[in-house]
Number of protein chains: 2
Amino acid sequence: MKKLINDATAVVNDSLVGFELAHSDIVRVDHELQVVYRLDAPRQGKVGVISGGGSGHEPLHGGFVGYGMLDAACAGAVFTSPVPDQILAATKGVDGGAGVLHIVKNYTGDIMNFEMAAEIANAETGVAVETVVVDDDVAVQDSLYTAGRRGVGLTVLLEKIVGAAAESGADLASLVALAHRVNGAGRSMGMALTSCTPPEKGSPIFELGDDEMEVGIGIHGEPGRERRPVAPAKEVAAMLVEPILADLDFRGADVIAFVNGMGGSPLIELYLMYAEVAKILEASGVRVARSLVGPYITSLEMAGCSVTLLKADDEMIKLWDAPVQTAGLRWGR
Amino acid sequence: MKKLINDATAVVNDSLVGFELAHSDIVRVDHELQVVYRLDAPRQGKVGVISGGGSGHEPLHGGFVGYGMLDAACAGAVFTSPVPDQILAATKGVDGGAGVLHIVKNYTGDIMNFEMAAEIANAETGVAVETVVVDDDVAVQDSLYTAGRRGVGLTVLLEKIVGAAAESGADLASLVALAHRVNGAGRSMGMALTSCTPPEKGSPIFELGDDEMEVGIGIHGEPGRERRPVAPAKEVAAMLVEPILADLDFRGADVIAFVNGMGGSPLIELYLMYAEVAKILEASGVRVARSLVGPYITSLEMAGCSVTLLKADDEMIKLWDAPVQTAGLRWGR
């Protein structure tokens, strides 16, 4: 295992130390509980928006804490759900009297732990907590860690859009409705050229031959739809985009198109993939209104990419364009 | 070779297609010459600032074209200098009557081709062209592709700072003086955990054993100072920072500290490395005024990192903080 780490059991904590130092103008970190907070949390009168999940997907979620996006993020161990104590602390820590929204990727452990924390928080302080589950992955119906579809790339877009609405003063009920609309209008599909090695495991989570790729992969190396010989980018793009278009009718729609890197694929390849995705969308009568290209929801050093399409109405586009100031996404301010 | 590409001979061109589509609000691309321009270039009365170099280092340089940074960037083939025709076109294309500054990393081919283009441009149009060479790498004195030190991570900081000064209306002579000051005050050192494979070569540029790393690596896989067993991050940080501190006296200075990813190392490791670098700097009496952590000058999918320190005076800090709107760096606007 070749990694820039010290102690395999302390990677998340050690990394959060550097993250806080590098972004002390945006966040503070509770190192005991491994929760990243906006510097000015809680904000009175604003709905607190929090997320979290296993580490190893950086910049998700801590990199999306800041103005116009999340108020806090809970960092679990690598590829492991955060525990209820973390989520409970974050929920209380962002409660500004207007309620708290939990954005949860659809994995069994995450769902369970966020739910438990929501119940305890409400019982202890009376805070209103609502939850939206993201389940955008068209690759598989159920998986090793999931009942139903997995939550993947759409999480980034949803956190941006819902975070912008919260920043503009939307109430909890409106945010829940918006989040459900976004989740219903977005779909994703991913692939891997290589595996990845969680530090504490010390060995790859799956094996791939030198000429093989895995299509329909999850962000924890869960098995995908099929293992195939490595193919040219234009064929890979079709393998990712066509199942998305088959699952939801995007014809004539304006979309936010997101080509995500899994961590080990360089930008030169991700932009090339985006060109191929854009060609297919144009040929399919789908208009790209906005785009995002880069490694935003990753699987450690895995090489590969995912495609997310969101059918975006005018409100979503406006919220997407709104200012954001986080470690991972920053514009307009 | 596992890559998200179509034709190994067309990777740069195919990638620029996606880059332009993804950032059409910031850049336009001359696809025949592979030059990335700011949408509003040339700007009358503003010094045109251009750079360029081999591809495979993305987001450098095309990702730094835009408001507050570069006016154009020339994309050579992977790990190959751009040719004079590209640089000539870029020089003419950003000439707004106030002269043009060439920012050139210190590689023999780059120096020669930028110089030739500068001479032709001046002869043909009378435009005043000045050149600043970046040579910040303390690892080796000469190398396979270099007389003197290589130009590496400092290039990113210099393009930001000098670009901001150009945006604010500085004249050509002032920009040259500033660029020399920045180059004189910055040092870098890098290392690799893995090699990388240029698409047209189809095989790794060097071999590293499963338990080896290369310290003092260049951004084209040029041999470094030494090959060593993989070490903990804190030791790696010391191997990178100590030669920098030994080369230039940073004690008591405010620095911009930059931990750069080589392309294949995920953010979770880069932030961890930054924490280790920050510890050494604190113990050495060096104050971090600003920081940058992420993959900004890469070597395709190479795993590893580099450290750059810039002794920054108040003017440099102010220019660093100034608004920038490029694909690769964006803040404050």
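The values are calculated or read from the model by the stated rules, or taken from the named source; none is laboratory data. These numbers come from a predicted model, not from an experiment. Neighbour counts are summed over all protein chains in view; Cβ atoms, including those assigned to glycine, are modelled from backbone coordinates with ideal geometry. When the accessible area is computed, the model is the full protein with side chains, heavy atoms only, and any ligands, DNA or RNA have been set aside. Shrake-Rupley method; radii C 1.70, N 1.55, O 1.52, S 1.80 Å.
Within segment A:153-187, the set of residues being of a type in the set (D, E, K, R) and over 13 Å from A:Trp320 (Cα atoms) comprises A:Asp171, A:Arg181, A:Arg187.
Among the residues making up segment B:1-37, those that are in contact with a His (Cβ under 9 Å, 6 or more places away or on another chain) and either open to solvent by 20 Å² or more (accessible area, probe 1.4 Å) or closer than 24 Å to A:Ala192 by Cα (or both) are B:Asn13, B:Leu16, B:Val17, B:Glu20.
Mind listing whichever residues of segment A:144-156 are surrounded by 20 or more Cβ atoms within 10 Å (Cβ to Cβ) and in contact with a Phe, Trp or Tyr (Cβ under 6 Å, 6 or more places away or on another chain)?
Residues of segment A:144-156 that are surrounded by 20 or more Cβ atoms within 10 Å (Cβ to Cβ), as a first pass: A:146, A:149-156.
Residues satisfying the conditions are A:Thr146, A:Gly153, A:Val156.
Out of the residues in segment A:231-249 meeting the condition of being open to solvent by 50 Å² or more (accessible area, probe 1.4 Å) and closer than 14 Å to A:Gly190 by Cα, tell me which one is nearest to the other protein chains (Cβ to nearest Cβ). Filtering first and then ranking leaves A:Glu235. Residues satisfying the criterion are present in segment A:83-101 (criterion: in contact (Cβ under 8 Å) with a residue 60 or more places away in the chain, closer than 23 Å to A:Arg330 by Cβ and of a type outside the set (Gly, Ala, Ser)). Inspection of segment A:197-204 finds a residue satisfying the criterion of being under 21 Å from A:Gly263 (Cβ atoms), open to solvent by 10 Å² or more (accessible area, probe 1.4 Å) and hydroxyl-bearing (Ser, Thr, Tyr).
Of the residues that make up segment A:216-223, is at least one open to solvent by 50 Å² or more (accessible area, probe 1.4 Å) and either more than 9 Å from chain B (Cβ to nearest Cβ) or part of a loop (DSSP other than H, G, I, E, B) (or both)? Full working, then the answer.
From segment A:216-223, those open to solvent by 50 Å² or more (accessible area, probe 1.4 Å) are A:223; that's our starting set.
Still in the list and also either more than 9 Å from chain B (Cβ to nearest Cβ) or part of a loop (DSSP other than H, G, I, E, B) (or both): A:223.
Yes, segment A:216-223 contains at least one residue that is open to solvent by 50 Å² or more (accessible area, probe 1.4 Å) and either more than 9 Å from chain B (Cβ to nearest Cβ) or part of a loop (DSSP other than H, G, I, E, B) (or both).
When every residue of segment A:300-312 is checked against the conditions, none turns out to be hydroxyl-bearing (Ser, Thr, Tyr) and out of contact with any Ser or Thr (no Cβ under 6 Å at 6 or more places or on another chain). When A:Glu207, A:Glu200 are checked against the criterion of being of a type in the set (Asp, Glu) and within 14 Å of A:Phe79 (Cβ to Cβ), a single residue qualifies: A:Glu200. The single condition among (1) over 26 Å from B:Ala322 (Cβ atoms); (2) more than 9 Å from chain A (Cβ to nearest Cβ); (3) among the small types (Gly, Ala, Ser) that B:Ser265 does not meet is (2). Candidates B:Ser265, B:Ser195: the one that is in contact with a Phe, Trp or Tyr (Cβ under 7 Å, 6 or more places away or on another chain) and outside the structural domain of B:Ala147 (by TED's automatic domain parsing) is B:Ser195.
The residue pairs whose first member lies in segment B:281-309 and is on the phi > 0 side of the Ramachandran plot and away from every other protein chain (no Cβ under 12 Å), whose second member is among the charged types (D, E, K, R) and outside any helix (DSSP H, G or I), and whose beta carbons are closer than 7 Å, counting only pairs six or more residues apart or on different chains, are B:Gly285/B:Arg251. Take B:Asp210 and tell me if it is open to solvent by 60 Å² or more (accessible area, probe 1.4 Å), outside the structural domain of B:Lys160 (by TED's automatic domain parsing) and either farther than 30 Å from B:Ala8 by Cα or assigned to a helix (DSSP H, G or I) (or both). The answer is no for B:Asp210. Is it true that A:Glu269 is of a type in the set (D, E, K, R), farther than 24 Å from B:Leu292 by Cβ and open to solvent by less than 20 Å² (accessible area, probe 1.4 Å)? Judged against the criteria, A:Glu269 is not a match.
May I ask you to say which residue of A:Leu4, A:Leu16 is at the interface with another protein chain (Cβ under 10 Å from one of its Cβ atoms) and in a helix (DSSP H, G or I)?
Working: A:Leu4 fails: in a helix (DSSP H, G or I).
The match here is A:Leu16.
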